[in-house]
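The structure appears right after this line, and notes come after that.
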Amino acid sequence: KHLIDRAGNIIDVPAPILQSSQRISSGVLLTAQGDGKARRWGLWDIQSKSILAVPQFNELEDFHEGYALAKADNGWGVVGLSGKWAIAPDADRQSKPQYIGDAMFIMADEEQPDQHTDAANHFSIFNAVNGQNIATGLLNKPMNVGKEHWLVQPASGGVALIDNDGRAAVSKAIVPSSTDIDGEWVLLGFGPRFGAIDGQGEW
């Protein structure tokens with residue numbers, strides 16, 4: 001194996017790293033050691049020629065906009081280009097994160113033992129920049145409105161526009177009968193009446 005740049009020059013990579021490398025993603029070599037269930041994934045940065053993460057992840061997907069889904073023994077999480085957890089896995093949360101844009105991920109809330117399997121899925125939103133869970137118990141997937149704002153439908157009812165820190169710019173106790181997003185504008189229908197919200201949460 002050799003690693004070359006766009007000019008065809010060979011990049012100096014330590015032999016063990018080169019032999020264990022599987023693929024490149026966002027300037028990072030994804031390395032793997034072991035076989036089968038014992039296989040563990042690690043990260044090696046091409047530019048700084050340094051190990052970002054020793055082989056420790058059970059599964060590791062490619063980076064997308066600076067983040068990659070990774071699985072550890074206690075569940076799925078999100079890893080940043082630093083090789084550190086952006087959203088740490090939690091044994092109480094077995095669902096796989098889903099990227100929705102702007103460094104935000106959603107995960108399905110775990111069903112409680114007394115819930116029926118046909119009950120509607122509830123979602124939580126996580127901010128990968130600070131690793132925080134900013135909202136839980138949401139019906140349907142959040143919809144992006146402009147920059148750093150999300151239209152959500154809390155399981156408790158109604159509709160809300162929240163920012164990336166979970167602050168509600170506006171909320172309405174009534175569930176809208178129609179929703180139309182145009183860039184940074186949201187047009188909400190409530191029966192015979194309509195309202196419009198801008199990307200900052202102002203009616």
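The values are calculated or read from the model by the stated rules, or taken from the named source; none is laboratory data. Remember, it's a predicted structure, so these values are computed and weren't measured experimentally. Here Cβ is always computed from backbone atoms with ideal geometry, including for glycine, and neighbour counts include all displayed protein chains. Areas reflect the complete protein model, heavy atoms only, side chains present, ligands, DNA and RNA absent. Shrake-Rupley method; radii C 1.70, N 1.55, O 1.52, S 1.80 Å.
What does the charge count around residue 12 come to, taking other residues whose C-beta lies under 15 Å from its C-beta (Lys +1, Arg +1, Asp -1, Glu -1)?
Value of the local net charge: 0.
Compute, for the chain, the length of the dipole vector about the Cα centre, with Cβ point charges of +1 (Lys, Arg) and -1 (Asp, Glu) only. Units Debye, rounded to 20.
In debye, rounded to 20, the chain gives about 580.
Count the lysine pairs in the chain that are 8 or more places apart or on different chains: how many have C-alpha atoms under 16 angstrom apart?
Summing the qualifying lysine pairs gives 4.
For the chain, what does the accessible surface come to per residue with a 1.4 Å probe? Please give it in Å².
Each residue of the chain exposes 56 Å² on average to a 1.4 Å probe.
When Rg is the radius of gyration of the Cα atoms in segment 132-174 and Rh is its Kirkwood radius, what does Rg/Rh come to?
Reported Rg/Rh (Cα atoms, Kirkwood Rh): 0.92.
With an 8 Å cut-off on Cα pairs and a minimum separation of 6 or more residues, tell me the relative contact order of the chain in percent.
Relative contact order of the chain: 8 percent.
Mind putting a number on the dipole of segment 28-116 about its Cα centre? Charges go on the C-beta only, +1 for Lys and Arg and -1 for Asp and Glu, and I need it in Debye to the nearest 20.
540 debye
Which one of 174, 33, 151 is farthest out on the positive end of the charge dipole of the chain, using unit charges on Cβ (Lys, Arg +1; Asp, Glu -1) and the Cα centre as origin?
Going by the Cα projections, it comes out as 33.
What three numbers, in Å, describe the spread of the alpha carbons of segment 158-203 along their principal axes, ordered from the longest?
32, 22, 13
Rounded if a/c is under 1.5, else prolate if a/b beats b/c, else oblate: with a ≥ b ≥ c from the C-alpha gyration tensor eigenvalues square-rooted, which is segment 63-176?
Working: a/c = 2.49, a/b = 1.23, b/c = 2.02.
Verdict is oblate for segment 63-176.
Taking the chain as a Gaussian network, Cα atoms linked when under 10 Å apart, which of 82, 48, 21 shows the biggest mean-square fluctuation?
It is 48.
Taking the Cα centre of segment 94-203 as the origin, how large is its charge dipole in debye, to the nearest 20, when only Lys and Arg (+1) and Asp and Glu (-1) carry charge on their Cβ atoms?
120 debye
Taking the convex hull of the Cα atoms, report for segment 1-88 its projected area averaged over all directions, in nm².
5.7 nm²
Please list, in order along segment 88-100, the HN-Hα scalar couplings obtained from phi with the Karplus expression 6.51 cos²θ - 1.76 cosθ + 1.60 (θ = phi - 60°), rounded to whole Hz, x for Gly and Pro.
Along segment 88-100, the couplings run 5, x, 9, 4, 7, 10, 9, 6, 8, x, 10, 6, 10 Hz.
Which residue, chosen from 142, 17, 197, occupies the Cα position most advanced towards the positive end of the dipole of the chain, where the dipole is computed from +1 (Lys, Arg) and -1 (Asp, Glu) charges on Cβ about the Cα centre?
Of the candidates, 17 comes out farthest on the positive side.
Please identify, among 37, 84, 71, the residue showing maximal mean-square fluctuation in a Gaussian network model of the chain using a 10 angstrom Cα cutoff.
Answer for the Gaussian network model of the chain: 37.
What is the sum of charges, Lys and Arg at +1 and Asp and Glu at -1, for the other residues whose Cβ falls under 13 Å from the Cβ of residue 42?
Once positives and negatives cancel, what remains is +2.
Roughly to the nearest percent, how much of the accessible area of the chain is carbon and sulfur, given a 1.4 Å probe?
48 percent
What order, most packed first, do the peptides 145-151, 93-99 have when packing is the mean number of other Cβ atoms within 10 Å of each residue?
Highest-to-lowest ranking by the protection proxy: 145-151, 93-99.
Counting Lys +1, Arg +1, Asp -1, Glu -1, what net charge surrounds residue 193 among other residues with beta carbon under 15 Å of its beta carbon?
0
So which residue, out of 55, 176, 14, gets the largest mean-square fluctuation from a GNM of the chain using Cα contacts under 10 Å as springs?
For the chain, modelled as a Gaussian network with Cα springs under 10 Å, the answer is 14.
Once the Cα gyration tensor of the chain is found, what semi-axes does its equivalent ellipsoid get, as square roots of 5 times the eigenvalues, in whole Å, sorted largest first?
Ellipsoid half-lengths, sorted descending, are 40, 21, 11 Å.
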